[in-house]
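Structure first, then comments.
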Amino acid sequence: MDDLVVRENLKRIEYNIQNARAKRSSKRDVNVLLATKTVPAERILFAAKELGYRLIGENRVPELLSKYDAVCGETDIHLIGHLQTNKVKSVVGKVSLIESLDSAHLAREIDRVSKSLGVVSDVLVEINIGKEESKGGIMPEDADSFFAELAQFESVRPVGIMTMAPRCDVKSDYNKYFSKTYQIFLDISQKYLYNIIEPVLSMGMSESYEEAVAEGATEIRLGSAVFGSRVYP
Ligand SMILES: *Cc1c(COP(=O)(O)O)cnc(C)c1O
């Protein structure tokens, strides 16, 4: 896989996004976040500087920190993987959005660290839409009470919802999970995010981004469709 293939992949993806967008009523734009785990800094810089894809997501803190100095000036970094409380102090101030808030305990620590640095941290609440034991996230039925609980943390600002759908063999099953998530998003937006100009709904990955866009995603997170299959060291 070389840089030219990355360019071609993104072209095809943009075309598919426009087709999927035509199937929904929401006129909101769809932001493409590049999920850059295992992708070297040079390739991230190519995507950002040459292709204009500046929004990236890392899911492990050590990897994020190892690339941070090389990419920070050219990219806007989100944390998209599970965050342990003892790593909060390494990411606050470095990432513009923590997409994986999944407990009050974690919110408390993000609040504490953010206060100490004099910043407010934007977060998405991760919803475990498939109620899978193997995944983190707030259960769909607890979303409302969890957002209510977040009001106590002055330095944590919820701006939307993130979900990872279960792996589905039939594409239309993705539509079911994403449309459920969209309903929760509408409900939560109205009740808790009325001060946020453009609330974020982050859902859909390489296998499922067209279904996610059709169901109302405002952000999709793409790794392998852009960079090819990952080889883990
Ligand atoms: C890796 C990752 C993605 C992208 O996955 P692909 O299937 O490679 O597109 C999206 N979201 C999260 C949280 C990830 O860790």
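Within segment 215-231, how many residues turn out to be in contact with a strand residue (DSSP E or B) (Cβ under 8 Å, 6 or more places away or on another chain), assigned to a loop (DSSP other than H, G, I, E, B) and either of a type outside the set (Val, Ile, Thr) or within 10 Å of the ligand (Cβ to nearest atom) (or both)?
Summing the residues that are in contact with a strand residue (DSSP E or B) (Cβ under 8 Å, 6 or more places away or on another chain), assigned to a loop (DSSP other than H, G, I, E, B) and either of a type outside the set (Val, Ile, Thr) or within 10 Å of the ligand (Cβ to nearest atom) (or both) in segment 215-231 gives 3.
Does segment 125-157 hold any residues that are surrounded by 21 or more Cβ atoms within 10 Å (Cβ to Cβ) and in contact with a Ser or Thr (Cβ under 6 Å, 6 or more places away or on another chain), and which are they?
Glu126, Ile127, Ile129, Val156
Give the residues of segment 97-119 that are assigned to a loop (DSSP other than H, G, I, E, B) and within 16 Å of the ligand (Cβ to nearest atom), sorted by residue number.
Correct list: Asp102 only.
Step by step: first the residues of segment 1-45, then only those that are farther than 22 Å from Val200 by Cβ and among the charged types (D, E, K, R), then the one that is modelled with the lowest pLDDT. Which residue is that?
Per the stated criteria, the residue is Asp2.
Does Tyr194 count as more than 16 Å from the ligand (Cβ to nearest atom) and either surrounded by fewer than 18 Cβ atoms within 10 Å (Cβ to Cβ) or over 17 Å from the mean Cα position of the chain (by Cα) (or both)?
yes
May I ask you to verify whether Leu201 is in a helix (DSSP H, G or I), more than 8 Å from the ligand (Cβ to nearest atom) and among the hydrophobic types (A, V, I, L, M, F, W, C)?
The answer is no for Leu201.
For Ala212, only one of the following conditions fails: (1) out of contact with any Pro (no Cβ under 7 Å at 6 or more places or on another chain); (2) in a helix (DSSP H, G or I); (3) away from the ligand (no atom under 16 Å from the Cβ). What is its number?
(3)
Can you tell which of Leu150, Leu97, Leu101 is in contact (Cβ under 8 Å) with a residue 40 or more places away in the chain and in contact with a Pro (Cβ under 6 Å, 6 or more places away or on another chain)?
Leu150
Scan segment 176-203 for residues that are in contact with a Ser or Thr (Cβ under 9 Å, 6 or more places away or on another chain), within 16 Å of Phe146 (Cα to Cα) and among the small types (Gly, Ala, Ser) and report the count.
Number satisfying all stated conditions: 0.
The values are calculated or read from the model by the stated rules, or taken from the named source; none is laboratory data. Keep in mind it's a predicted model, so treat the numbers as computed, not measured. Using ideal geometry, Cβ is built from the backbone for each residue, glycine included, and neighbour counts are taken over all protein chains shown.
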